[in-house]
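In what follows, a structure is listed as structure tokens, so that the remarks can point back to it.
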Amino acid sequence: MTLNPNLPLVYHPNYSFSFDPKHRFVMSKFANLYQYIYQQGLINNNLYKPDIGTPSALELVHCELYLWDLWHNQLCEKSMRRIGLPWSEALMNRTFTAPLGTLKAAELALESGIACHLAGGTHHAHYDFGSGFCMVNDLAFTATTLINNKQVNNVLIFDLDVHQGDGTAALLKHNPYVFTCSIHCEKNFPFRKHPSDLDVGLVNNLTDSAYLNIVKETLDGLITDINPDIVLYDAGVDVWEHDGLGKLDISWQGLEKRDALVLKTCQQAGIPVSTVIGGGYDRDHLRLAKRHAIVIEQAAKL
């Protein structure tokens, strides 16, 4: 099947920077993802770059004092350990730019039906603290912005990262216009889970068939019940069977089928869908980039 080279894509060069290559979080994956999809012929005149971000925009969903302390490297050692990333100016630049990229992708999806962000999915960030490599929550920020600007009436956040979207759930629990759904490995990080509007906890070592059935039944039901104006899809690839932090047994082909299923279901229902890459952990950095590219390749097929 021919891949569409006009699929709207969002990326900023500051997403990757000089970083410890042995760190669990692969900071190079964003640049490697960009290079890979460029080599696949998927970047033409379809690439959009978000503005450089600053903390003020994120005050919409986060504590102003927390953002100030984060930006100025004033968080205590315990708080930084909880985040799991070493502070740097480059890290702050990418941290506050990426949410604007997720918002840009959502706005492009509203125009064209589908768009992909080559980053995003920082769903462990809470109101006044970061966690699990996440410092600010791009999904909560984007959904809240779309609602507040009256660009949409309601949003479905469909989170298929292997880890539960605790920060997103906590930040949006009082927002009646955003429905949060997380399908995740139950016995995995975070160990204290904040209830989403719908949580589906999966048993360890679940395989393709059962997983895909759960994804399909859940998404079909949500679209029928909610009829969202847009779906923000967190296409985490840490459900893959060989992921370093996954605990599920989803094959590479299973990932392809999952992303195709989600995207086609939204397209057939006439609902715009915007994707973020979510989590993925692999000592083979180029393989990780190819794994994150799956959702973009599946979107390009549509």
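All told, Pro272 meets the bar of being crowded, with 22+ Cβ neighbours inside 10 Å, touching a Cys at 6+ places or on another chain (Cβ under 8 Å) and either over 23 Å from Cys134 (Cβ atoms) or at pLDDT below 95 (or both). Scanning region 2-51 for residues that are under 19 Å from the mean Cα position of the chain (by Cα) and closer than 22 Å to Thr95 by Cα yields a total of 25. Of the numbered criteria (1) farther than 30 Å from Leu302 by Cβ; (2) among the β-branched types (Val, Ile, Thr); (3) outside any helix (DSSP H, G or I), the one Thr95 fails is (3). Just one residue in the set Leu212, Leu261, Leu248, Leu232 is within 23 Å of Tyr177 (Cα to Cα) and either in contact with an Asp or Glu (Cβ under 9 Å, 6 or more places away or on another chain) or touching a residue at least 40 places away in the same chain (Cβ under 8 Å) (or both); that residue is Leu232. Of all the residues that make up region 222-236, how many are small (Gly, Ala, Ser) and within 18 Å of Ala109 (Cα to Cα)? Within region 222-236, residues that are small (Gly, Ala, Ser) and within 18 Å of Ala109 (Cα to Cα) number 1.
When restricted to residues that are in a loop (DSSP other than H, G, I, E, B) and over 12 Å from the mean Cα position of the chain (by Cα), region 150-163 contains 5.
Considering (1) within 22 Å of Ala119 (Cα to Cα); (2) over 17 Å from the mean Cα position of the chain (by Cα); (3) outside any helix (DSSP H, G or I); (4) at pLDDT 95 or above, the lone condition that Ala300 does not fulfil carries the number (3). Among the residues of this structure, Ala119 counts as one that is at pLDDT 95 or above, of a type in the set (A, V, I, L, M, F, W, C) and in contact with a Lys or Arg (Cβ under 9 Å, 6 or more places away or on another chain).
I'd like to check something: does region 216-231 contain any residue that is buried (at least 24 other Cβ atoms within 10 Å of the Cβ) and part of a loop (DSSP other than H, G, I, E, B)? Yes - at least one qualifying residue is present in region 216-231.
Scanning region 108-129 for residues that are part of a loop (DSSP other than H, G, I, E, B) and hydroxyl-bearing (Ser, Thr, Tyr) returns Thr122, Tyr127. For region 253-269, give me the residue count where each residue is buried (at least 17 other Cβ atoms within 10 Å of the Cβ) and not in a helix (DSSP H, G or I). Adding up the residues that qualify gives 0.
The values are calculated or read from the model by the stated rules, or taken from the named source; none is laboratory data. As the structure is a computational prediction, the values presented were derived from the model and not from experiment. Note that we place each Cβ from the backbone using ideal geometry, even for glycine, and neighbour counts take in every protein chain shown.
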